[in-house]
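First up is the structure itself, then whatever we jot down about it.
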Amino acid sequence: MSKTIKVKKKTTKTKAKVSKPKTKVANKPKFDVKAPIKISKSYIPKDTEKYMCEKHKVYFRMRLTEWKKELIKANNEALYNGGMDDNNISADIVDQANSYIDSNVEMKAINRQIKLISEIDKALRRIREDTYGYCLDTAEPIGLKRLMARPVAKYTIAAQEKHEKNEKVHADD
């Protein structure tokens, strides 16, 4: 009798290399970071420059931030110095009345400045969102002259007049 020997064949599996399809990106820069724009302290926006270019935004951001710091400093000084009025405890009723009126006027001024600080914060937010300098109603440019005079302006002059007219009409009702 003959013996049969069974031999196992070794099979080798080769891994096929899968190549990823190469996609070309059309000259896309690696970084989308813009270098910060620096302007001099004496810089004034010009009509010849593109409206609301980076220089304009930097200028108005600096101006609004400085204005906000001044208002906060003035409010803090007024609040600190207002508490030192000696006429509140005076025996003279006229001095007490004058002191009350003075402090009331001072607090109204501080409240107006707090509202203005809020408007400055909104203007700074509009700068970040790239909507600063454009009318909230019509989306038209407000204009550099108007923004120089009133950096927190939200409307063109025509739209502002329309708002004021509507406020007057509703106030009369």
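The values are calculated or read from the model by the stated rules, or taken from the named source; none is laboratory data. Nothing here was measured: the structure is a model prediction, and the numbers come from that model. Using ideal geometry, Cβ is built from the backbone for each residue, glycine included, and neighbour counts are taken over all protein chains shown.
Within segment 118-131, track down each residue that is out of contact with any Leu (no Cβ under 7 Å at 6 or more places or on another chain) and part of a helix (DSSP H, G or I).
Passing the criteria: 118, 119, 121, 122, 125, 126, 127, 128.
Is it the case, given these coordinates, that residue 5 is modelled with pLDDT of 85 or more, surrounded by fewer than 13 Cβ atoms within 10 Å (Cβ to Cβ), among the β-branched types (Val, Ile, Thr) and part of a loop (DSSP other than H, G, I, E, B)?
Judged against the criteria, residue 5 is not a match.
Is at least one residue of segment 80-89 out of contact with any Asp or Glu (no Cβ under 9 Å at 6 or more places or on another chain) and not in a helix (DSSP H, G or I)?
Checked segment 80-89: at least one residue is out of contact with any Asp or Glu (no Cβ under 9 Å at 6 or more places or on another chain) and not in a helix (DSSP H, G or I).
Considering only residues of segment 132-173 that are touching a residue at least 40 places away in the same chain (Cβ under 8 Å) and not in a loop (DSSP other than H, G, I, E, B), which is surrounded by the most Cβ atoms within 10 Å (Cβ to Cβ)?
The residue in question is 147.
When segment 139-173 is examined, which residues are found to be more than 20 Å from the chain's Cα centre (by Cα) and of a type outside the set (D, E, K, R)?
157, 158, 159, 160, 163, 166, 169, 170, 171
What number of residues within segment 47-79 satisfy the criterion of being part of a loop (DSSP other than H, G, I, E, B) and touching a residue at least 40 places away in the same chain (Cβ under 8 Å)?
Result for segment 47-79: 3.
Restricted to segment 48-91, and to residues that are loosely packed, with under 10 Cβ neighbours inside 10 Å and farther than 25 Å from residue 38 by Cα, which residue is modelled with the lowest pLDDT?
Only one residue fits best here, namely 86.
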